[in-house]
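Below is one structure, written out as structure tokens; comments come after it.
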Amino acid sequence: MLQIKPKKVVVPPTNPVRLRLFKLANDRTFEIFIMVAIGLSVLFMAVATYPPTSAIDTINFVMEIVFTVIFATEAAIKLAAYSPRGYFSEAWNVFDFCLVVVAIVDLATVGTELLDGINPAVLRTLRMFRIARLLRLVRSAKGLRTSLYTVILSLPGLSNVFSLFLLLLVIYAIIVMSVFGHVIEQPYLGYAGYATFDNFGGTLLLLIQSATTEGWNLILEACSVQAPFCGPEAGALLEARARLFPLYPSSSTADAWHPT
């Protein structure tokens, strides 16, 4: 509650031309039109295929020009209506302006090889930021905006949850190292190299992997062994394997080391 600020009231301009642009920029119909344009632009991005086809590429290029003109016109209307100082005082407007600039730079570099010593391939990587246009929907959707602000305000509290999770991982990592630290490496199950329980870093990574249920059954199978595949005898077995197989055993020799 202490972070709540009074709502900023924008005073309409007195100039007749700017006043008409101000009314247009705040018109609900104009806002819906921009939201539809955002949705269509993302839809045309989604229909792109690989390998690309000339027809789809041509359509996407033409539509990208159309959408860029629409969004650039919107930015120009708001700049004239609110004045540059009023326009850039709002974070959402700065975000919209940056997207327009990125789109214009992207279109300007199409078909060129060099632009002031900069490879346009680097500039065209900015195309991925066009998907950020969807974030503009947050400004218009009140419920979505409320949910987003709620998540942002809860981030400090989530840090305590993550700290507790990390503490539990450290505790379990120490326990797992003491119990499964002498298990022999089994590359055919993915239990080898850094992904073992014989060091703290590898143990922590394996616990995080197991928390996502990724390959936990292989880890379980690798650790479900008896001596000499674990315990003090495992050291001598590892030395014998190193002499016989300098590298990890291949698929033809892996079964010789399988505990079953």
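Observations
- Mean Cβ count within 10 Å, highest first, over the residues of peptides 161-173, 181-193, 212-224: 181-193, 212-224, 161-173
- Inter-label distance, nm, simple model (7 Å from Cα along the C-beta direction), Ile77/Ile152: 2.5
- Karplus-derived HN-Hα couplings along segment 169-178 (A = 6.51, B = -1.76, C = 1.60, θ = phi - 60°), whole Hz, x at Gly and Pro: 4, 5, 5, 5, 4, 5, 5, 5, 4, 6
Rule-based calculations on the coordinates, nothing more; no lab input. This one's a predicted model, so the numbers in the text were calculated from it and none came from an experiment. FYI the Cβ positions are ideal-geometry reconstructions off the backbone, even for glycines, and counts take in every protein chain you see.
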